[in-house]
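Down below is the structure, laid out as structure tokens.
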Amino acid sequence: MSLVIAMDGPSGSGKSSASKGVARALGLRYLDTGAMYRAMTWWMVQNDVPVDDPEAVAARAADPVLEVGTDPSAPTITVDGTDVSEPIRTREVTNAVSAVSAVPAVRARLVVLQREIIGTGGIVVEGRDIGTVVVPDAPVKVYLTASEQVRAQRRAKDLAADPAASVTVTLDEQARRDRLDSTRTTSPLTRAADATEIDSTELGLAEVIEAVVRLAKEQT
Ligand code: C5P
């Protein structure tokens, strides 16, 4: 397998910006698996599927057609031909995504798609279970963290257009999502035993990118 860099970690740890930056620096493709779970969730909401009913979600898990573009400078995602890059970032989807992503039928389908996209490699893949489940033999595995407070501040900044998304609200919603993501039965968020942990609380984006690029050069 050519280079696969698995980037896992909790919400707001800076995975997306770091993963895109690393992919650009090394001339690799980029896959945002969180966007795929969000797209599934968006589709469920659009189609009035009760997201807190795992059986109802599982029954429709095969229906949406997802297409993902892997250019780190312009990643794209469509569902049934509709560009959903923006609607998958709303608070409504963000607060529903953990319930949908805990459904085994959803994960089974998306992991197959993710492995198809990853193919023989040359890609940076970000998510929650990349180093543990999707590509357990990835040559480079990073577990990116940051303090709860800093992660909530970063997310609240991303959500600046939404006046209800204060740091306090974001912190509560983020803690709930992390709890659901790390306690679910199927593929919970956890650091792979062989992943290198990078704590970005005190690091700028350029420093995180530099650390991952250095790691990739050392480990491959
Ligand atoms: O990374 P992002 O915050 O966009 O991920 C959204 C949600 O998708 C996570 O909170 C988690 O529930 C789910 N997810 C997952 N496995 C992945 C990536 C994301 O369960 N590999």
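The values are calculated or read from the model by the stated rules, or taken from the named source; none is laboratory data. Owing to the predicted nature of the structure, the values given are computational and were not obtained by experimental measurement. No Cβ is skipped: glycine too gets one built from the backbone with ideal geometry, and neighbour counts run over all protein chains shown.
Consider R115 against the criteria (1) out of contact with any helix residue (DSSP H, G or I) (no Cβ under 9 Å at 6 or more places or on another chain); (2) farther than 25 Å from R155 by Cα; (3) free of Cβ contacts under 8 Å to residues at least 24 places away in the same chain: it satisfies all of them except one. Which criterion is unmet?
Every condition holds for R115 apart from (1).
Search segment 115-132 for residues being assigned to a helix (DSSP H, G or I) and more than 8 Å from the ligand (Cβ to nearest atom), and hand back the single one that is surrounded by the fewest Cβ atoms within 10 Å (Cβ to Cβ).
E116
A59 fails exactly one of the following numbered conditions: (1) closer than 24 Å to I123 by Cβ; (2) among the aliphatic types (A, V, I, L, M); (3) more than 14 Å from the ligand (Cβ to nearest atom). What is the number of that condition?
(1)
State the number of residues belonging to segment 97-109 that are more than 8 Å from the ligand (Cβ to nearest atom) and assigned to a helix (DSSP H, G or I).
Going through segment 97-109 one residue at a time, the tally reaches 6.
Tally time: how many residues in segment 46-56 are surrounded by fewer than 18 Cβ atoms within 10 Å (Cβ to Cβ), of a type outside the set (D, E) and in contact (Cβ under 8 Å) with a residue 12 or more places away in the chain?
Summing the residues that are surrounded by fewer than 18 Cβ atoms within 10 Å (Cβ to Cβ), of a type outside the set (D, E) and in contact (Cβ under 8 Å) with a residue 12 or more places away in the chain in segment 46-56 gives 2.
Among the residues that make up segment 197-210, is at least one of them small (G, A, S), assigned to a loop (DSSP other than H, G, I, E, B), touching a residue at least 24 places away in the same chain (Cβ under 8 Å) and surrounded by 15 or more Cβ atoms within 10 Å (Cβ to Cβ)?
Scanning segment 197-210 turns up at least one residue that is small (G, A, S), assigned to a loop (DSSP other than H, G, I, E, B), touching a residue at least 24 places away in the same chain (Cβ under 8 Å) and surrounded by 15 or more Cβ atoms within 10 Å (Cβ to Cβ).
Let me confirm something: among G9, G21, G14, which residue is surrounded by fewer than 23 Cβ atoms within 10 Å (Cβ to Cβ) and not hydrophobic (A, V, I, L, M, F, W, C)?
Just a single option satisfies the conditions, and that option is G21.
Which residues, counting only those in segment 65-96, are modelled with pLDDT of 95 or more and assigned to a loop (DSSP other than H, G, I, E, B)?
Scanning segment 65-96 gives V65, T70, D71, P72, S73, A74, P75, D80, G81, V84, S85, E86.
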